[in-house]
Amino acid sequence: MGLATLLSIGAAVAATLPFFLSSSTVEGYISVMLMTANHGLKLSLLIENLLFALLLFAPIVFTLHFRRPALDAFDSWFVGGLFVSLAMTTIVASKPGAGMHHFLPLVPISICVLLSVLQAPASRLAPELNPRDGLHPEKQCQEECMIAKQHKALVTGSCGLIGSEVTRSFARLGFSITGVDNNHRAVFFGPEGDTSWVLGQLQSELPQYRHASIDIRDRETVLALIEDLKPDLIIHTAAQPSHDRAAAIPFLDFEVNALGTLHLLEAARRFCPESPFIHMSTNKVYGDRPNTLKLAELETRWDYADPAVQHGRYFRMPTCCLRGGCLTGPNHSGVELHGFLSYLMKCNVEGREYKIFGYKGKQVRDNIHSEDVASFMYEFWKSPRVAEVYNLGGGKSNSCSIFEAFHMAEEVTGRKMKWRYVDENRIGDHICYYSDLRKMQVALPQLENCQDTADDLRGDRRELETALVLQTTG
Ligand SMILES: NC(=O)c1ccc[n+]([C@@H]2O[C@H](COP(=O)([O-])OP(=O)(O)OC[C@H]3O[C@@H](n4cnc5c(N)ncnc54)[C@H](O)[C@@H]3O)[C@@H](O)[C@H]2O)c1
């Protein structure tokens, strides 16, 4: 239960309590309320007090307007409460015999609210984007591009699936981008995971792209880079992304995923604490828990049995952590251990055998295109919040089982999938997982439409077709 709910319940109980006391009556209660409205108002006092209330509240409104801080729910109640108190005090202080001194207790409160608003992280872009128009509509991007041009983004893992999409999207908006990637994916997965072809594309396509072949495990270099750059936005996607691989290389996995992330966060706290920090994480942090939900076996997939089941506060930094479902897009260097649709399509096109590990091939994943991930990050950049965590995926309407993905791949290419069934499932693999997107949609309502569009127009088929383009052209 949130603080706001508790306060509302408290206020409701306080207002109702007199009705339960034997000494009080309804008439008594009403007459107390009426008493406060008695004596009328004195016009000259009212005008004077309105001006004084304006004097107290104007700096807060002014600051809110120009910094558009990411007020969390508590802050919003705080500012709202102050506004109501000022309005009520204005009435009380305008009665004959009263005066401006009634505002005295509100002066320190106004100063506190003003300070808290001033310290909240500011949003960098004022104009609103229509999410239905996507991230990079040529026609209406000009104004935003001009504003974004003043900004520097640091993207880690810039040659990976998400990092490269984000780099392109934000570069189109006019950001200057510094990308960090040391092609560690080739170390994790061998030559098939090599991402140097993506680096070549970024360098030839984007004049404002600057590459730093830095290992995020190297603390001093990361600190120096961020001290020097002081980016306005950090998008952290560098990672060892495969849970299967993690079991074989636990130290390396921890050092890249945990320690590397800490290096970046601490550097951000020291040198650019107001810059939004977005961490592209994974739903695998939920471990086996999704597998403990009651499931129903349908003809081609597993599903939740109960249809109702879906799925730096300390430093007050504008950070968010995205728990991704299956992410996909044209820049994926898909391998067997990582890159579901990209690897599946590669197998279909090249006539390779695809191995299904357990769960009857009915295991369900929800898929989201890397462009939509970049759009979400852009929305967070515009309205950052403190220490948020969001599930990010395609949701139920954009989910498929392995067999359903086979079927769609065959429809797209006209080729039969070659596959083999291995009885044993992958450790840590989810039987059925599609993201609960409600929090994401509540926090950033404009994305609800964006998600619908993604569901309607793109769907898994679009993810597969994108993967197909990749496999046949590159
Ligand atoms: N692709 C998916 O299906 C998926 C699903 C859920 C969550 N995620 C998460 O999203 C994030 C990004 O995933 P992705 O698919 O873009 O991965 P990716 O492997 O395509 O990209 C990661 C990039 O980081 C780079 N990198 C790795 N270690 C590095 C280091 N020490 N220093 C510098 N660069 C390094 C790699 O070379 C690679 O180019 C990861 O945290 C992953 O767990 C991905």
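Structural remarks
- Those lysines that a straight Cα-Cα span of less than 27 Å connects to K230, excepting residues fewer than 8 apart in one chain: K149, K152, K382
- Annotation: amide H of T282 within the under-5 Å range of G324, sequence separation 5 or more or interchain, hydrogens built in the peptide plane.
- Proximal lysines to K294, defined as alpha-carbon separation beneath 27 angstrom and excluding residues fewer than eight positions away on the same chain: K284, K355, K360, K362, K396, K439
- Normalised contact order of the stretch 172-302, rounded percent, pairs of Cα under 8 Å and 6 or more residues apart: 24 percent
- Cα centroid separation, the stretch 360-439 to the stretch 240-274 (Å): 23 Å
- Here the stretch 9-58 and the stretch 313-350 have alpha carbon centers that stand 56 Å from each other.
- Which of W381, W419 has the fewest Cβ neighbours within 10 Å, and the rest in rising order: W419, W381
- Reachable lysines from K95, criterion Cα separation under 16 angstrom, eight or more residues apart if same chain: K42
Coordinate-derived values only; no laboratory data. Predicted model, so just to flag it, every value in this text is computed and none were measured. Virtual Cβ from ideal backbone geometry, glycine too; neighbours counted across all protein chains shown.
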